[in-house]
Every structure is written in structure tokens, then in C-alpha cells.
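First the structure, in the form of C-alpha cells, and then the observations on it.
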Amino acid sequence: MNQDKIAVIGLGYVGLPLAVAFAEKYKVVGFDINESRIKELNDGHDSTLEIEDELLKSVLGDKDSDKGLFNSSELSEISGCNIYIVTVPTPIDDDQNPDLTPLIRASETVGGVLNKEDIVIYESTVYPGATEEECVPILEQRCGLKYNEGFYCGYSPERINPGDKEHTVTKILKVTSGSTAEIAERVDQLYKTVITAGTYKAASIKVAEAAKVIENSQRDINIAFVNELAMIFNKMDIDTVDVLEAAGTKWNFLPFRPGLVGGHCIGVDPYYLAQKAQKVGYYPQILLAGRRLNNSIGPYVASQVVKLLMKKGKVVNNSKVLVLGITFKENCPDIRNSRVIDIIQELREFDVDVDVYDPWANPTEVTHEYDVDLISEVDMSDYDGVVLAVAHDQFKSGLVDEAREGTVIYDVKSVLPKNKITARL
């Protein structure tokens, strides 16, 4: 039996898959302040759809079991653990500044139950230095122990890809690190027991933090490049996807596609690195230019749809447009930082009547987050325009064929046959 008792703080898209993986070999306490989430999980269901109900039920156990997952919102339940893994979100605020509030509160929570020799491992995406500059002082203050003498820290950045059933947590190589050489090895060996893809021990916590934040910043910049190409080629009446497919015949051409950039990582992480860069005296140019361009894509799509409606002779402020999809990516219920809302809001600025349909999204969450009421069924013949914003499988199977003749069909994701659409990004 493994002697380590692990607490996973935050049971969302990152925390739950990790807790389930560890629960097959360790005693794991899953902690979340959302009581309804705890009840749902203890009933054997995961509404994020990251973990199948059968698998979740198979690892559930009670608090006295030698191994398995026990979920609770009670702080007292994690007080006997010796390894704490923090997987809370690290979002940005309305001004696009990093919001460390969830991370700070999680650190306060863990600090209140830390004992001598315990290890706190952070997985939340942060800027380089955040673990030791922001979190460690809180832990020290709350527990009364000294860092690297009474307790230790590690950092192992999450690489969860929501909705991806192939690249699951155990099948993605894991970067690890620790606050001392001995702890780094301990953290690395811990993850090796469940990560079948293997681990990579980084030189320090700061290196691991930096590695994580540039992974998604690199993708953001590459997508910004092809988004700019799409704008340029649209002016030239050239199909961007045709160009990318031709260029893609070169062995080292990177296969990026234009589109909306949202979600909890790619559309957020560059701001964490940019803020830290400015604090140390460097104003990042490429990072923020990529962010500005990608944030302009939603309004750009809406403006293109309006132009196409006008070309069809439609009165724009009497037009009715259907937006297909509001989650941040296909075949996934995650609506965090979805940039589809930019299309919706811009269309409404033109007084277009907009309906939104997404069978994957939770209607209550969408209303709360974006003040958008989803429709529950679709009559394609009602609309002057259709915007395929998210490439859910349901939207690829002939749905647009039901649109009436003359309907503007705009394919943001370039997944529909060219002969069935009016334009694509």
C-alpha cells in the first residue's frame, strides 16, 4: 500500500482526471468548495464529461479506505494528507490582467492544514515565479512553518485538453519540479506512478512555470499569424484553407488553422507572461500583438456576415441569424472564455436577431456567464444567416442542408464542404 495520502484541491477539468488517476493507487481526497459539484461526483457523475461515470464510480471510496477517491467540501477531510495538489483555475479579469484570487484562496486553505514535511504541488497555470513569490508566503503565514525546512513545494503544469479522449492525463508526458533536488525527485517519482507517458524533471519550479506558459503562448501566436493571413487573403479573394493546404505539403510547415481563440489556456496564458515581463522591465510586443489580433476575430467574423447579408439584399436590422455553438471548442461542454460571444455581441450591435444553438452547453451556465438564452431546437428555414462557430459533430452531418435557399452560411471552422457554404474564415 502506498503511504502517501493525496489531496487534490479543485475538481474541475484538471483536478478530477488527476484525482481519478491517483485514486487507482493511492488514498485521494478530492476537495472543492462547490457543494453541488461534490454531490454530483459522489453520485458518480461528472458533468464536464472528462471522466466516464463507470470509471468514476469504480474509484470512489469512503474516507477510511486504503485507496480510492473520497470527495468533500469540508476542510477537515484533507487535514490528514501529506501531499496537496492545487488545480484551481487561474483566469484573467475584465481588463485582461491575471486574477490569482482562486490560487491565493487555495493556498490559504492548504496552509491552514499543512504539517511538517508535507508537500504542496501546484498545477495551475501561472507566470514564472508565482509559486514561490505569491503562494509560498501565504503557506508560511498560515501554517507557521518555514519553506524548504518545514514544508516543500513542487510545480507540475497541467496539460489537460478538454474533450480529448485520446490525450488523457496519464497519456500526456508530465513536466515536474520541486523546491529542492530531493523534493524534485520525490515529485517526479510520484507522478511516474500514474503517468504512463512518462515525466520530464525540469531544472526548477520557475523553469516548469515558464515552460507551461510558453506552450500556449506559442500556439496563440501561430494562430494569430494564420488569422492575419485569412484577413489578407479575404481581401484578395483567395481561399485561406486552400493556401494552407498547398503550403502544408512542405515537410516543416506548421499545420495551424484560422479561428477563434478562447478557453482557459491559449486565450489566457499569454497575459500571465506579459504581465510578468512588464514587471521586470520588458514590454512584450509579439505576445500582445497576437492577443490583440486573436481578440479581433469574433467582431471580424460578424462584420463579414453582415456584408454577406447585404450582398444578398437582406435588410440587416431585420435579419435573423443562427449561431451554431458557444462552447470554446468542439464536442466539449466547456464554455470558459468562449470567444463565440464576440460574434454574438457584434451581430447584435447591428440589430441582428441572433439565436444560439449548442447541444453540448449547459443552458443555465450559458445564461449566467454570457446572458445568452440557448434555443433547444432548430428550424433552419427560419434564418437569413447561419454561422458555424464550433465544429461539434452534430453540425457536420447535414444540418446546414436544411437552410432555405439564399441563406448566408459562414463556416468559422472550415469543416463544411465548400459547395455548401457562402464563405469561411
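The values are calculated or read from the model by the stated rules, or taken from the named source; none is laboratory data. Since the model is a prediction, treat every value here as computed from it, not as a measurement. Quick reminder, even Gly has a Cβ in these numbers, built from the backbone with ideal geometry, and neighbours come from all protein chains shown. When the accessible area is computed, the model is the full protein with side chains, heavy atoms only, and any ligands, DNA or RNA have been set aside. Shrake-Rupley method; radii C 1.70, N 1.55, O 1.52, S 1.80 Å.
Each of 397, 317, 282 was placed along the dipole of the range 281-421 (beta-carbon charges, centred on the mean Cα), and the one lying farthest toward the positive end is 282. If you count Lys pairs in the range 130-247 whose Cα atoms are under 29 Å apart, skipping same-chain pairs closer than 8 places in sequence, the total is 21. Accessible surface of residue 214, taken over heavy atoms with a 1.4 Å probe and every protein chain present, rounds to 90 Å². Computed about the Cα centre, the dipole magnitude for the range 31-152 is approximately 440 debye when only Lys and Arg (+1) and Asp and Glu (-1) carry charge, each at its Cβ. Close amide H pairs (under 5 Å, H built 1.01 Å from N) link residue 86 with 9, 121, 122, 123, residues at least 5 positions away or on another chain. At a probe radius of 1.4 angstrom, the accessible area of the range 363-419 per residue rounds to 52 square angstrom.
Please work out how much length the chain gains when fully extended from residue 5 to residue 349, using 0.36 nm per residue of separation minus the C-alpha to C-alpha distance, in nm with one decimal.
Numbers: separation 344, 0.36 × 344 = 123.84 nm, distance 5.37 nm.
So the chain would gain 118.5 nm between residue 5 and residue 349.
Would you work out the relative contact order for the chain, in percent, from Cα pairs under 8 angstrom that are 6 or more residues apart? Before the final figure, lay out each step's value.
Working: 829 pairs, mean separation 43.6, N = 425.
Averaging sequence separation for qualifying contacts and normalising by length gives 10 percent for the chain.
Enumerate by residue number the GluC sites (Glu not before Pro) in the range 322-425 meeting two conditions: DSSP loop (anything except H, G, I, E, B), and at most 14 other Cβ atoms within 10 Å of the site's Cβ. Of the GluC sites (Glu not before Pro), the ones in loops of the range 322-425 whose Cβ has at most 14 other Cβ atoms within 10 Å are 377, 405.
Give me the percent of accessible area attributable to carbon and sulfur for the range 1-145, probe 1.4 angstrom. Present the calculation step by step, with values, prior to reporting the outcome.
Numbers: 2710 of 6210 Å².
Roughly 44 percent, rounded to a whole number.
Modelled spin-label separation between residue 104 and residue 182, with each label point placed 7 Å from Cα along the Cα-to-Cβ direction: 3.3 nm. A straight chain from residue 222 to residue 246 at 0.36 nm per residue would run longer than the Cα-Cα distance by 6.9 nm. Annotation: extensible slack from residue 148 through residue 396 equals 83.9 nm (criterion: 0.36 nm per residue apart, minus Cα-Cα distance). When 24, 50, 209, 140 are compared by accessible area at a 1.4 angstrom probe, the order from most to least is 24, 140, 50, 209. For 131, 193, the ranking by accessible surface with the largest value first comes to 193, 131, using a 1.4 Å probe. The distance linking the range 1-35 with the range 165-213 is 17 Å (Cα centroid to Cα centroid, whole angstrom). In debye to the nearest 20, how big a dipole does the range 371-425 give about its Cα centre with +1 on each Lys and Arg Cβ and -1 on each Asp and Glu Cβ? Computed charge dipole of the range 371-425: roughly 480 debye.
For the range 209-312, which trypsin sites (Lys or Arg not before Pro) pass both filters: DSSP loop (anything but H, G, I, E, B) and at most 10 other C-beta atoms within 10 Å?
Numbers: sites: 212, 219, 235, 250, 276, 279, 291, 292, 307, 311, 312; in loops: 250, 312.
The qualifying sites are 250.
Pairs of Lys residues in the range 291-425, spaced 8 or more positions apart or belonging to different chains, with C-alpha separations under 13 angstrom: 4 in total.
Look at the dipole of the range 50-183 built from charges on Cβ: of 124, 87, 69, the Cα furthest out on the positive end belongs to 69.
Using a 1.4 Å probe on the protein heavy atoms, what percent of the accessible area of the range 306-425 belongs to carbon and sulfur? Kindly include the intermediate steps, with their values, before the conclusion.
Details: 2350 of 5660 Å².
It is 42 percent, rounded to a whole number.
Distance from the alpha carbon centroid of the range 391-414 to that of the range 329-386 works out to 15 angstrom.
If a/c stays under 1.5 just call it rounded; otherwise compare a/b with b/c (prolate if a/b is bigger, oblate if not). Do that for the range 230-329, with a ≥ b ≥ c from the square roots of the Cα gyration tensor eigenvalues.
oblate
Label positions at residue 377 and residue 74, each projected 7 Å from the Cα along the C-beta direction, are separated by 4.6 nm. Listed by chain and number, the aspartates and glutamates whose alpha-carbon sits under 19 Å from that of residue 57, ignoring those within fewer than 8 places in the same chain, are 24, 32, 35, 40, 43, 46, 66.
Using helices alone, what [θ] at 222 nm do you get for the chain, with -39,500 (n - 2.57) per DSSP H run of 4 or more residues, divided over all residues and rounded to the nearest 500? Here the helix-only value at 222 nm equals -10500 deg cm²/dmol.
Using Cα-Cα distances under 8 Å and only pairs 6 or more residues apart, what relative contact order does the range 127-194 have, in percent? Please list the in-between numbers first.
Details: 54 pairs, mean separation 17.3, N = 68.
Contact order relative to length: 25 percent.
For the chain, the longest principal axis of the alpha carbon atoms and the long axis of helix 286-295 meet at an angle near 50°. The loop-placed trypsin sites (Lys or Arg not before Pro) in the range 39-87, going by DSSP, that have at most 13 neighbouring Cβ atoms within 10 Å of their Cβ come out as 63.
Between the alpha-carbon centers of the range 79-148 and the range 257-297, tell me the distance in whole angstrom. The range 79-148 and the range 257-297 have Cα centres separated by 24 Å. Calculated accessible area for the range 116-190 comes out at 40 Å² per residue, all protein chains present (probe 1.4 Å; ligands, DNA, RNA ignored).
Can you give the charge dipole size of the range 134-251 about its Cα centre, rounded to the nearest 20 debye, using +1 on the beta carbon of Lys and Arg and -1 on the beta carbon of Asp and Glu?
Numbers: 14 positive and 17 negative charges, 99 e Å.
Roughly 480 debye for the range 134-251.
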